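The values are calculated or read from the model by the stated rules, or taken from the named source; none is laboratory data. Fair warning: this is a prediction, and the values are worked out from it, not measured in the lab. FYI the Cβ positions are ideal-geometry reconstructions off the backbone, even for glycines, and counts take in every protein chain you see.
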């Protein structure tokens with residue numbers, strides 16, 4: 001006499017949970033991609049754990065604390081490891097609204113992922129977008145730090161070079177003022193003959209362009 | 001008698017001109033100036049587009065008949081006349097001073113935008129010191145459910161380049177604002193350049209040991225790494241497989257000539273400036289051949305490195321394309337994970353197409369061919385900032401490779417900047433623009449400041465459009481005209497006899513008629529050059545004496 005009850009339950013189950021059912025979500029796992037050699041086999045125990053995690057997520061919703069594991073129905077499990085699931089209400093007559101399930105899963109996505117050693121990419125809830133973790137954003141961008149270091153070194157080196165040039169020039173100027181004075185005195189005298197200064201006569205004859213001069217042209221050949 | 005008196009008129013009075021500490025500094029400076037960013041991102045692209053190994057034929061022909069002779073002329077007149085570009089041309093003839101002025105102006109303009117490329121390189125270099133690299137992921141959108149829409153459409157690297165670096169506007173008429181991160185990098189770049197050229201060749205001569213040799217070290221490291229990556233051989237065979245029939249296209253020859261011309265950085269005045277600090281007895285013919293050959297060998301070496309890495313990237317992209325298709329199939333038909341290896345994908349797809357075509361048709365499957373990915377060549381900044389940065393992302397230890405790569409680009413560009421800056425500073429020093437009391441450091445500082453203020457326009461949001469305009473119009477045609485005028489000026493005006501050495505004396509130039517014959521007919525714009533040479537050569541015995549402007553006393 002239990003058999004009719006069993007068939008009834010299975011029939012209701014099949015009605016509530018089937019691909020593209022109302023309020024049903026498809027889940028896809030990529031265990032081998034995530035874990036490689038350490039991949040576990042997906043069996044009914046893993047399914048039980050999944051149902052437990054979903055029930056746990058639903059119990060966190062304020063009006064749904066009475067959700068049990070038996071309210072979460074799984075169906076169409078494939079070799080891909082993908083399946084559909086729905087969450088029914090305590091009466092098991094109809095399913096909970098998709099919006100509630102969606103927000104519950106989103107809030108606890110991290111716990112669900114960790115239970116299966118997976119992440120958002122390898123445990124996919126189709127039609128439930130996950131909240132992505134913000135990227136690591138240090139308060140000061142790293143490039144500014146590197147820039148500051150390099151720029152300080154460059155400024156210090158430039159200042160050192162400029163200062164050493166100034167010091168070098170000052171030392172040179174201190175060493176040679178005596179010689180400069182003597183040369184200036186000689187250059188300032190211009191010989192004057194018949195009222196005509198001699199200097200212009202010397203330079204008026206033409207300007208020697210060294211570019212067109214070869215060595216043997218400087219001296220006239222014999 | 002001249003020898004007995006011990007006076008060498010060429011050296012007399014020139015002692016105050018700065019000198020290279022040794023020959024190696026001079027060679028490295030010229031090599032550093034010639035070897036620049038174009039060797040990395042222009043030559044491999046040309047090699048690939050124009051039939052691989054076959055392109056080397058027009059390239060070598062252009063090198064021998066155009067590059068080396070022009071280069072030789074520049075080094076010779078610089079060393080002989082011992083002045084910068086303006087002084088040299090004014091010496092040859094006052095009417096040719098404009099050529100020098102033109103070279104000077106082009107050097108100035110190129111300084112501006114070449115350093116802007118260095119600014120971009122510096123920005124990428126600074127951002128490489130983090131793991132994961134900032135261009136590996138998209139930023140998140142506002143409600144953190146996904147990535148920014150623009151980034152998803154264009155790809156992470158393109159987004160980082162166009163949005164987070166340039167913040168580019170839609171077109172050039174929309175200038176936008178100055179990007180402060182690029183502005184900071186601009187300040188840093190010009191400070192680094194000032195630090196290096198502060199005392200002219202005394203300071204660049206010290207830095208050039210590092211900036212000229214470091215790129216070779218990095219290229220070698222990348223070559224070794226690249227050859228060990230999977231897919232390198234596909235890239236190399238694709239690059240070097242010669243396609244001889246492409247040589248029938250005249251465009252190939254023109255591009256080879258253009259490439260060798262710009263690769264050697266001719267007609268900028270920088271080589272003239274470098275050579276002017278040489279002792280007059282230096283053998284500049286050997287230098288010209290050496291430097292030109294080193295430049296071409298570097299191009300070849302760099303293209304091998306680049307293409308082994310591009311081969312790796314293409315193989316990687318091809319594998320990912322296949323994997324995406326396989327995943328779509330597995331997800332749709334619920335096959336077990338990893339049940340379709342890459343080799344069996346075509347057979348499985350055919351089978352599914354036969355049995356369930358409507359389901360397969362709904363899937364977003366892309367056709368994946370390795371050749372398509374190898375064909376995706378790029379040149380210019382696109383190669384460095386988009387294609388190569390993406391390739392580096394997939395290499396293990398990506399930040400280290402990124403730092404090395406952008407460090408190499410920075411030093412390559414910096415050593416070319418030295419040549420450009422010398423092409424600007426040496427003529428100014430020779431002309432005595434500023435009073436003698438003002439030290440050289442102040443003069444170079446002033447030049448760098450003017451360049452920095454002018455280059456600020458490239459840090460606008462529309463800056464890269466302006467840079468493209470400068471790159472296309474400032475240098476290319478002008479330099480070719482200047483080079484033409486240079487050849488005319490030296491051969492016809494200055495006189496070939498002056499360029500040839502008196503018997504028995506080893507002098508700067510050993511060029512006789514023969515070498516000038518090489519340079520005349522082969523320059524691309526020089527059709528009329530041939531005519532000039534044929535008309536002038538028989539009259540060299542006159543020595544061109546009537547052309548000088550020395551007044552006879």
Test: residue B:328 is part of a helix (DSSP H, G or I) and either buried (at least 20 other Cβ atoms within 10 Å of the Cβ) or away from every other protein chain (no Cβ under 14 Å) (or both): no
Of the criteria (1) touching a helix residue (DSSP H, G or I) at 6+ places or on another chain (Cβ under 8 Å); (2) within 14 Å of another protein chain (Cβ to nearest Cβ); (3) exposed (fewer than 15 other Cβ atoms within 10 Å of the Cβ), which one residue B:281 fails: (1)
Unmet criterion (only one of (1) touching a helix residue (DSSP H, G or I) at 6+ places or on another chain (Cβ under 8 Å); (2) more than 14 Å from chain A (Cβ to nearest Cβ); (3) free of Cβ contacts under 8 Å to residues at least 60 places away in the same chain) for residue B:146: (2)
Search result, residues across segment B:194-204 that are within 14 Å of another protein chain (Cβ to nearest Cβ), under 11 Å from residue B:418 (Cβ atoms), in contact (Cβ under 8 Å) with a residue 12 or more places away in the chain and in a helix (DSSP H, G or I): B:196, B:197, B:204
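Being in contact with a helix residue (DSSP H, G or I) (Cβ under 9 Å, 6 or more places away or on another chain) and within 13 Å of chain B (Cβ to nearest Cβ) narrows it down to one of A:95, A:122, so name that one.
Numbers: A:95 fails: within 13 Å of chain B (Cβ to nearest Cβ).
Only one candidate passes the filter, namely A:122.
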Qualifying residue in segment A:62-69 (condition: within 14 Å of chain B (Cβ to nearest Cβ) and in contact with a helix residue (DSSP H, G or I) (Cβ under 9 Å, 6 or more places away or on another chain)): no
Yes/no for residue A:130 being closer than 27 Å to residue B:329 by Cα, within 14 Å of another protein chain (Cβ to nearest Cβ) and touching a residue at least 40 places away in the same chain (Cβ under 8 Å): no
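Scan segment A:106-118 and tell me whether some residue there is assigned by TED's automatic domain parsing to the domain that holds residue A:62, on the phi > 0 side of the Ramachandran plot and surrounded by fewer than 16 Cβ atoms within 10 Å (Cβ to Cβ).
Keep residues of segment A:106-118 that are assigned by TED's automatic domain parsing to the domain that holds residue A:62, which gives A:106-118.
Next cut, on the phi > 0 side of the Ramachandran plot only: A:117.
Cutting the leftovers down to surrounded by fewer than 16 Cβ atoms within 10 Å (Cβ to Cβ) gives us A:117.
Checked against the condition, which is being assigned by TED's automatic domain parsing to the domain that holds residue A:62, on the phi > 0 side of the Ramachandran plot and surrounded by fewer than 16 Cβ atoms within 10 Å (Cβ to Cβ), segment A:106-118 yields at least one hit.
Being modelled with pLDDT of 90 or more, within 22 Å of residue A:31 (Cβ to Cβ) and touching a helix residue (DSSP H, G or I) at 6+ places or on another chain (Cβ under 6 Å) is the requirement here; does residue B:340 meet it?
no
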Qualifying residue in segment B:59-72 (condition: in contact (Cβ under 8 Å) with a residue 24 or more places away in the chain, under 29 Å from residue B:488 (Cβ atoms), more than 14 Å from the chain's Cα centre (by Cα) and within 14 Å of chain A (Cβ to nearest Cβ)): no
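Run down B:85, B:136, B:93 and say which single residue is buried (at least 23 other Cβ atoms within 10 Å of the Cβ) and touching a residue at least 60 places away in the same chain (Cβ under 8 Å).
B:85
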Pairs with Cβ under 6 Å, 6+ apart, first in segment B:165-193 and within 14 Å of chain A (Cβ to nearest Cβ), second part of a loop (DSSP other than H, G, I, E, B) and surrounded by fewer than 21 Cβ atoms within 10 Å (Cβ to Cβ): B:179/B:167
Any hit, segment B:98-107, residues being modelled with pLDDT under 95, touching a helix residue (DSSP H, G or I) at 6+ places or on another chain (Cβ under 6 Å), within 14 Å of another protein chain (Cβ to nearest Cβ) and in a helix (DSSP H, G or I): yes
Residues that are surrounded by fewer than 18 Cβ atoms within 10 Å (Cβ to Cβ), assigned to a helix (DSSP H, G or I) and either without any contact (Cβ under 8 Å) to a residue 12 or more places away in the chain or within 14 Å of another protein chain (Cβ to nearest Cβ) (or both), drawn from segment B:434-468: B:442, B:443, B:445, B:446, B:449, B:450, B:453, B:457, B:468
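Can you say whether residue B:489 is crowded, with 19+ Cβ neighbours inside 10 Å, at pLDDT below 90 and out of contact with any strand residue (DSSP E or B) (no Cβ under 7 Å at 6 or more places or on another chain), as far as the supplied structure shows?
On the way: crowded, with 19+ Cβ neighbours inside 10 Å: yes; at pLDDT below 90: yes; out of contact with any strand residue (DSSP E or B) (no Cβ under 7 Å at 6 or more places or on another chain): yes.
Judged against the criteria, residue B:489 is a match.
Kindly indicate whether any position in segment A:133-143 is outside any helix (DSSP H, G or I), surrounded by 13 or more Cβ atoms within 10 Å (Cβ to Cβ), within 10 Å of chain B (Cβ to nearest Cβ) and in contact (Cβ under 8 Å) with a residue 12 or more places away in the chain.
Keep residues of segment A:133-143 that are outside any helix (DSSP H, G or I), which gives A:133-141.
Checking the rest, the ones that are also surrounded by 13 or more Cβ atoms within 10 Å (Cβ to Cβ) come to A:141.
Remaining after also requiring within 10 Å of chain B (Cβ to nearest Cβ): A:141.
Subset that is in contact (Cβ under 8 Å) with a residue 12 or more places away in the chain: none.
Looking for residues that are outside any helix (DSSP H, G or I), surrounded by 13 or more Cβ atoms within 10 Å (Cβ to Cβ), within 10 Å of chain B (Cβ to nearest Cβ) and in contact (Cβ under 8 Å) with a residue 12 or more places away in the chain, one finds none in segment A:133-143, hence no.
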Sole exception among (1) more than 21 Å from the chain's Cα centre (by Cα); (2) within 10 Å of another protein chain (Cβ to nearest Cβ); (3) under 30 Å from residue B:406 (Cα atoms) for residue A:166, by number: (3)
Count - residues of segment B:125-141 that are more than 17 Å from residue A:133 (Cβ to Cβ), more than 7 Å from every other protein chain (Cβ to nearest Cβ) and in a loop (DSSP other than H, G, I, E, B): 3
One residue from A:87, A:101, A:146 being surrounded by 19 or more Cβ atoms within 10 Å (Cβ to Cβ) and either closer than 24 Å to residue B:334 by Cα or without any contact (Cβ under 8 Å) to a residue 60 or more places away in the chain (or both): A:87
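Does segment B:361-379 contain at least one residue that is within 14 Å of another protein chain (Cβ to nearest Cβ), surrounded by 12 or more Cβ atoms within 10 Å (Cβ to Cβ) and assigned to a loop (DSSP other than H, G, I, E, B)? Walk me through how you get there before you give the answer.
Residues of segment B:361-379 within 14 Å of another protein chain (Cβ to nearest Cβ): none.
No, that holds for no residue.
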For residue B:129: the one exception among (1) in contact with a helix residue (DSSP H, G or I) (Cβ under 8 Å, 6 or more places away or on another chain); (2) within 26 Å of residue B:455 (Cα to Cα); (3) at pLDDT 90 or above: (2)
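Just wondering, is there one or more residues in segment B:423-431 that are outside any helix (DSSP H, G or I) and in contact (Cβ under 8 Å) with a residue 12 or more places away in the chain?
Going residue by residue through segment B:423-431, those that are outside any helix (DSSP H, G or I) are none.
The answer is no; no qualifying residue exists.
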